[in-house]
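Structure record follows, encoded as structure tokens.
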Amino acid sequence: MSTICVIGTGYVGLVTGTCFSDMGNQVTCVDIIPEKIERLKQGILPIYEPGLEEMVERNVHAGRLQFTTSYSEGLDNCDFIFIAVNTPTGSNQGGADMRYVENAARSIAQELDHHHAVIINKSTVPVGSGDVVSRIIRKNLKRPDVPFAVVSNPEFLREGSAVQDFQNPDRVVLGSSDQEAARKVATLYLPLRAPIVITDLYTAEMIKYASNAFLATKISFINEMAQICERLGADVKEVAAGMGYDKRIGRAFLDAGLGFGGSCFPKDVRALTHMADEAGLHPQLLRAVMDINHDQRRLVVTKLTSILGSVRGGTIGILGLAFKPNTDDMREAASVDIVRWITNQGATVRVYDPVATDTGREALEREDVRMEAIIFCKNAYEVAEGADALVIVTEWNEFKSLDMHRIKNAMHHPVLIDGRNIYEASEMKRLGFTYRGIGRGTGPDPSVLPSGDSTSTQPLLSGKES
Ligand code: UGA
């Protein structure tokens, strides 16, 4: 049993602290926002994460997990101090904003007055930041002779499956100039029976960026393939399946769709691009990854207008707001751009998300989307009522087995833009939908044939244009 303090109660901090307490450790989570801590003490979580609420309750009840706003309380006699605060994109051309990490380091330094503590950085920080954290701590120590070590321990968990990911990691990465300290941290993870990579600080920090950038690249790669597939008449889903059997490629993260969002991939690819730029390099692949991702969202508008003509005066149904299923997180969600573009073109939007209605509403308001053009609905069937087209933006499970016959009958025009490829084109066509997935070609796309070859290219909403 170890005594652990976790600074920050966001996704990473709360999941890390709770899971370590569940493994039998004594954990105190510190956050500087008093309301957040107050609510956590009442068992109210700031995020939606499957399985987490029960786990928090269980460990608080067992006396292994507590919450406080006080660094001195949190750091009292603890062996391991995890920094898990956020590093949003800063104002410096995509570079990471290190303010919260630096503040945490200063506050930790003020409280270090006992034995050799190990400070572990879990926040995603620019390569070299571990040294910055060491310097800040050394400069701000209350007692200058207190020994401490800094270890980088990047986090690889995904929102929506964070607890599961914590308990079953593919690997644990630890980097430090103090290998003894890194080995001490490794003991915390031994019960998880995962491979443990011990390396230097800079390499550990780079492993995190390189991993996220690679996964983002896989997504942009398959999205580019999707566009080619669609034009040439191939089905990207089957292409991905066929590619995925090759062990060197793997099937994961080859789902074509509306691209990646969330708090990690866009931010980390931008930050890595910025670091490379600053180092005098020319990170052209990373730039292309972001460009493709941006264009991917636009496809919804292109597809809608190719079928409906203008969307002005029309009603478009949107299924899903969250950046991915099983979360209420709206950060960099494709839905925000899509709803903004559609409403700006004069259409009314009917939306539904199983979990992200409140966070979705806030995000849309923050992004200056025309709220008067948005109707929030209670379920997918309500969204479909009178709609000229339905767009699947987030692949929530409950959207995968809808009564599509009922959906079709509720719609004004049965047009389905399946932004996450959850339905089969042939089945949707059989039901009478005009269906467009992403990269689901079945022979040449009629929309690229010379005009007049396909009735589906006749604009359905041209009469509504003002
Ligand atoms: C991502 C990484 O997967 C985690 O390993 C990492 O720890 C985390 O970032 C982080 O740096 O904190 P997360 O952002 O929670 O996790 O979400 P993912 O499940 O990776 O999905 C990211 C985005 O990619 C979503 O918008 C998803 O819809 C999209 N995606 C994913 C695709 O478009 N296609 C795919 O095949 C997979």
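The values are calculated or read from the model by the stated rules, or taken from the named source; none is laboratory data. Predicted, not measured: the structure shown is a model, and the values here were computed from it. Ideal geometry is used to build each Cβ from the backbone, glycine not excepted, and the neighbour counts take in all protein chains shown. Quick note on the areas: whole protein, heavy atoms, side chains included, nothing else; ligands and nucleic acids left out. Shrake-Rupley method; radii C 1.70, N 1.55, O 1.52, S 1.80 Å.
Here A109 clears all of (1) over 25 Å from the mean Cα position of the chain (by Cα); (2) open to solvent by 60 Å² or more (accessible area, probe 1.4 Å); (3) closer than 18 Å to G8 by Cβ except the condition numbered (2). Within segment 28-69, the residues that satisfy the criterion of being open to solvent by 30 Å² or more (accessible area, probe 1.4 Å) and polar (S, T, N, Q) are Q42, Q66, T69.
Taking the condition away from the ligand (no atom under 11 Å from the Cβ) and either in a helix (DSSP H, G or I) or charged (D, E, K, R) (or both), does H282 pass? When the stated conditions are applied, H282 does not pass them. Looking across segment 216-257, the residues that are of a type in the set (A, V, I, L, M) and crowded, with 18+ Cβ neighbours inside 10 Å come down to A216, I219, I222, M225, A226, A234, V236, V239, A240, L254, A256.
The set of residues from segment 298-310 being buried (at least 22 other Cβ atoms within 10 Å of the Cβ) and out of contact with any strand residue (DSSP E or B) (no Cβ under 7 Å at 6 or more places or on another chain) comprises just one member, L299.
The residues of segment 200-211 that are within 12 Å of F265 (Cα to Cα) and either more than 7 Å from the ligand (Cβ to nearest atom) or crowded, with 23+ Cβ neighbours inside 10 Å (or both), listed by number, are K208, Y209, A210. For segment 162-193, which residues satisfy the criterion of being open to solvent by 20 Å² or more (accessible area, probe 1.4 Å), in contact with a helix residue (DSSP H, G or I) (Cβ under 7 Å, 6 or more places away or on another chain) and within 20 Å of V127 (Cα to Cα)? The answer is S177, and nothing else.
Taken over segment 7-42, the criterion of being polar (S, T, N, Q) and in contact with a strand residue (DSSP E or B) (Cβ under 7 Å, 6 or more places away or on another chain) is satisfied by T9, T16, T18, S21, N25, Q26, T28.
Yes/no per residue for (1) touching a strand residue (DSSP E or B) at 6+ places or on another chain (Cβ under 7 Å); (2) closer than 26 Å to I338 by Cβ:
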{"position": "K218", "(1), (2)": "no, yes"}
{"position": "N223", "(1), (2)": "no, yes"}
{"position": "R231", "(1), (2)": "no, yes"}
{"position": "V236", "(1), (2)": "yes, yes"}
{"position": "A241", "(1), (2)": "no, no"}
{"position": "V269", "(1), (2)": "no, yes"}
{"position": "T273", "(1), (2)": "no, yes"}
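The set of residues from segment 122-154 being in contact (Cβ under 8 Å) with a residue 60 or more places away in the chain, closer than 23 Å to S2 by Cα and exposed (fewer than 14 other Cβ atoms within 10 Å of the Cβ) is empty. With respect to I119, determine if the residue is assigned to a helix (DSSP H, G or I), more than 16 Å from the ligand (Cβ to nearest atom) and either touching a residue at least 40 places away in the same chain (Cβ under 8 Å) or under 30 Å from T327 (Cα atoms) (or both). It is false that I119 is assigned to a helix (DSSP H, G or I), more than 16 Å from the ligand (Cβ to nearest atom) and either touching a residue at least 40 places away in the same chain (Cβ under 8 Å) or under 30 Å from T327 (Cα atoms) (or both).
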